[in-house]
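Engineer: Can you read through this structure? Questions will come right after.
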Amino acid sequence: MKILGLDHVAFVVRDIDETVARADDTFDGRAVDERFVSDDIDLQFLLFGDTRLELIEVRSAGFGMPKLKDGETAVFGHLGIEVDDLDDAKAELARRGVILEGEFETDDNHSIFTAPQSTFGVALHLIENKRRARGE
């Protein structure tokens with residue numbers, strides 16, 4: 001398993017529209033990539049310089065991302081780690097006793113999450129960038 005680097009840091013927020021607007025007004029954080037909306041989550045990536053932040057409004061807890069409690073405005077969600085070969089990473093992590101969950105694939109990425117209780121209390125989102133693998 002070869003780790004290529006940190007892809008993003010994710011935060012669970014109470015109101016994604018408000019958080020995106022405030023990030024732009026306060027720190028010139030700009031929305032990048034398409035916004036993803038489903039019954040369970042609303043997700044938007046922001047770019048601050050070269051750093052990507054993922055904002056997630058969680059409607060139902062899952063994949064190590066908590067639903068916010070009353071009074072909470074934002075909490076850490078997970079670390080997005082880019083790997084060169086997701087199948088290799090899955091095999092290596094399974095040998096190490098890491099619990100994997102929530103695998104999904106798009107045209108650009110192949111991803112899986114770790115259960116936080118098996119990775120030092122932090123959910124990891126492992127990502128293989130297919131465009132990089134194809135040399136794009």
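The values are calculated or read from the model by the stated rules, or taken from the named source; none is laboratory data. Since the model is a prediction, treat every value here as computed from it, not as a measurement. Cβ atoms come from the backbone with ideal geometry, glycine included; neighbour counts cover every protein chain shown. In case anyone asks, the SASA skips ligands and DNA or RNA and just uses the protein heavy atoms, side chains included. Shrake-Rupley method; radii C 1.70, N 1.55, O 1.52, S 1.80 Å.
Engineer: Using a probe of 1.4 angstrom, how much of the accessible area of the chain is carbon and sulfur, in percent?
Structural biologist: Reported share for carbon and sulfur atoms: 49 percent.
Engineer: What residue among Val32, Val122, Val98 shows peak mean-square fluctuation when the chain is described by a Gaussian network model with Cα springs under 10 Å?
Structural biologist: Val32
Engineer: Check cross-link reach from Lys2 to the lysines: straight Cα distance under 23 Å, and skip same-chain residues fewer than eight apart.
Structural biologist: Within reach: Lys90, Lys130.
Engineer: Per residue, how much accessible area does the chain have with a 1.4 Å probe, in Å²?
Structural biologist: Ligands and nucleic acids excluded, the result is 59 Å² per residue.
Engineer: Follow-up question, since we're still on this one. Does anyone have the angle between helix 86-95 and the longest principal axis of the chain? Alpha-carbon axes, 0 to 90°, nearest 10?
Structural biologist: Long axis of 86-95 versus the principal axis of the chain: about 70 degrees.
Engineer: May I pose another question? Can you give the extra length, in nm with one decimal, that the chain gains between Arg96 and Ser60 once fully stretched, where that is 0.36 nm per residue apart less the Cα-Cα distance?
Structural biologist: 10.0 nm
Engineer: Treat every Asp and Glu Cβ in the stretch 29-85 as -1 and every Lys and Arg Cβ as +1, leave all other atoms uncharged, and give the resulting dipole magnitude about the Cα centre to the nearest 20 debye.
Structural biologist: That gives the stretch 29-85 a dipole magnitude of about 300 debye.
Engineer: Hey, another quick one. Which of the chymotrypsin sites (Phe, Trp or Tyr not before Pro) found in the stretch 90-136 are in a DSSP loop and have at most 10 neighbouring Cβ atoms, other than their own, within 10 Å?
Structural biologist: Phe120
Engineer: Using the beta-carbon distance between Leu4 and Val75 and R0 = 30 Å, what value does 1/(1 + (r/R0)^6) give for FRET efficiency, to the nearest 0.05?
Structural biologist: 0.70
Engineer: If I build a Gaussian network model for the chain, linking alpha-carbon pairs within less than 10 angstrom, which residue out of Thr106, Thr51, Thr73 has the largest mean-square fluctuation?
Structural biologist: Result for the chain, Cα springs under 10 Å: Thr106 fluctuates most.
Engineer: Whats the longest run of the chain with zero trypsin sites (Lys or Arg not before Pro) that are DSSP loop and have at most 13 other Cβ atoms within 10 Å?
Structural biologist: Longest run free of exposed loop sites: 3-58.
Engineer: Assign unit charges at the C-beta atoms only (+1 for Lys and Arg, -1 for Asp and Glu), then state the dipole size of the chain relative to its Cα centre in Debye, rounded to the nearest 20.
Structural biologist: Roughly 460 debye for the chain.
Engineer: Which cross-chain or sequence-distant (5 or more) residues have an amide H under 5 Å from the amide H of Asp84, H modelled 1.01 Å from N in plane?
Structural biologist: Lys2, Leu4
Engineer: For the stretch 1-79, count all C-alpha to C-alpha pairs, find those more than 13 Å apart, and express that count as a whole percent of the total.
Structural biologist: 67 percent
Engineer: Here's something else I'd like to know. Which residue fluctuates most in the GNM of the chain (Cα springs below 10 Å): Ile99, Ile81, Ile56?
Structural biologist: Looking only at Ile99, Ile81, Ile56, the largest GNM fluctuation is found for Ile99.
Engineer: Return an integer: the convex hull volume of the alpha-carbon atoms of the stretch 38-131, in Å³ per residue.
Structural biologist: 116 Å³
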